[in-house]
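Inspection log for the structure reproduced underneath, given as structure tokens.
The values are calculated or read from the model by the stated rules, or taken from the named source; none is laboratory data. Source: prediction; values computed, not measured. Here Cβ is always computed from backbone atoms with ideal geometry, including for glycine, and neighbour counts include all displayed protein chains.
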Amino acid sequence: MINEATVLIENYYKWLKEKTILSQVNDWVEITTPYIDRHNDYMQIYLKKDNGKFILTDDGYIIDDLLMSGVKLDSQKREELLRITLNAFGITKKGNALCVDTNATDFPLKKHNLIQAMLAVNDMFYTASAHIANLFFEDVKEWFDGNNIRYTDEIIIKGKTGFDRKFDFVIPKSNKEPERLIKTVNILDKNTTNLFIMDWLDTKDMRKSIRKEDSIFYLFANDINRTIPTASLEALEHYEIKPILWSNREAVKAKLVA
């Protein structure tokens, strides 16, 4: 399995390099990434050198797009959730732009974190519509609290590549169940599925080497008023990730309470 995972990661890096396109835009370099947004467009970020350091930004794309789509970010709860999410990736908000300063050494990590933050913010807020009272992350958290599921939320785990991987919840080991790592996702598609697989491949063996035992990765997917692609569920299960449809959450409750 380690050899297979190594080949997969090497192929991922090759794909990432081949699909990344650079263009000069005035003083900035536009970086077109292979990651796809909800409009099925390739996500773009911008790079500029300034006083010996580099600035990376999305130029306000994610938040401006959410605002234009009618998503409100002006409530205290959402502002706080946005702040917590950005802090987890080391990203700052300047106006509507998501930004991070870096140097040549830290550039790969900071670029990775900016893209992860863009995807996280978009996913967290976009599907919050009038008939959904709470964001999905908050729904899961409220369900945990209501069922006495003990957890720590907003956990950052460093993978073997050196990249930080964010998990929404960690349920500690008990005498019945191993450690359970948990993420939540509003929109489970090919793009997010690939990211979750890479998170797990990068984290799984590192976590085992530290804890001397396996952990379990549960992914809670919001299937309310949407259909989850069968291909995504099968891909996750192939890599030993346990997808949990929100409509079927009661089926896994005993495993999480234990």
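Output the number of residues of region 140-166 satisfying the condition of being over 24 Å from K111 (Cα atoms), assigned to a loop (DSSP other than H, G, I, E, B) and among the β-branched types (V, I, T).
1
Within region 1-41, restricting attention to residues that are basic (K, R) and without any contact (Cβ under 8 Å) to a residue 60 or more places away in the chain, which residue is surrounded by the most Cβ atoms within 10 Å (Cβ to Cβ)?
In this case the residue turns out to be K19.
Take T57 and decide whether it is closer than 26 Å to N194 by Cα, out of contact with any Phe, Trp or Tyr (no Cβ under 7 Å at 6 or more places or on another chain) and of a type in the set (S, T, N, Q). Give the derivation first.
Working: closer than 26 Å to N194 by Cα: yes; out of contact with any Phe, Trp or Tyr (no Cβ under 7 Å at 6 or more places or on another chain): no; of a type in the set (S, T, N, Q): yes.
No, not satisfied.
For region 231-247, which residues satisfy the criterion of being within 24 Å of K204 (Cβ to Cβ) and not hydrophobic (A, V, I, L, M, F, W, C)?
Selection gives S232, E234, E237, H238, Y239, E240, K242, P243.
Would you check if V121 is buried (at least 17 other Cβ atoms within 10 Å of the Cβ) and touching a Gly at 6+ places or on another chain (Cβ under 7 Å)?
No: the conditions fail for V121.
Of all residues in region 68-105, count the ones that are surrounded by 15 or more Cβ atoms within 10 Å (Cβ to Cβ), at pLDDT below 90 and not β-branched (V, I, T).
5
So, in region 76-101, how many residues would count as being among the charged types (D, E, K, R), over 20 Å from I157 (Cα atoms) and out of contact with any helix residue (DSSP H, G or I) (no Cβ under 9 Å at 6 or more places or on another chain)?
So the count comes out to 3.
List, please: which pairs have Cβ atoms under 9 Å, are six or more places apart or on different chains, and start with a residue in region 153-168 that is over 12 Å from L201 (Cα atoms) and end with one that is among the small types (G, A, S) and part of a loop (DSSP other than H, G, I, E, B)?
Once the first residue is over 12 Å from L201 (Cα atoms) and sits in region 153-168, its partners that are among the small types (G, A, S) and part of a loop (DSSP other than H, G, I, E, B) give D164/G90.
Got a number for residues in region 213-230 being farther than 23 Å from T203 by Cβ and either in contact with a helix residue (DSSP H, G or I) (Cβ under 7 Å, 6 or more places away or on another chain) or not assigned by TED's automatic domain parsing to the domain that holds K183 (or both)?
The total comes to 2.
Kindly indicate the residue of region 240-254 that is over 13 Å from R180 (Cβ atoms) and hydrophobic (A, V, I, L, M, F, W, C) and also surrounded by the fewest Cβ atoms within 10 Å (Cβ to Cβ) among those meeting that condition.
Filtering first and then ranking leaves A251.
Search region 21-41 for residues being at pLDDT 90 or above and hydroxyl-bearing (S, T, Y), and hand back the single one that is farthest from L201 (Cα to Cα).
S23
If I filter region 216-239 for residues that are farther than 28 Å from P34 by Cβ, at pLDDT 90 or above and surrounded by 15 or more Cβ atoms within 10 Å (Cβ to Cβ), do I get at least one hit?
Checking region 216-239: at least one residue is farther than 28 Å from P34 by Cβ, at pLDDT 90 or above and surrounded by 15 or more Cβ atoms within 10 Å (Cβ to Cβ).
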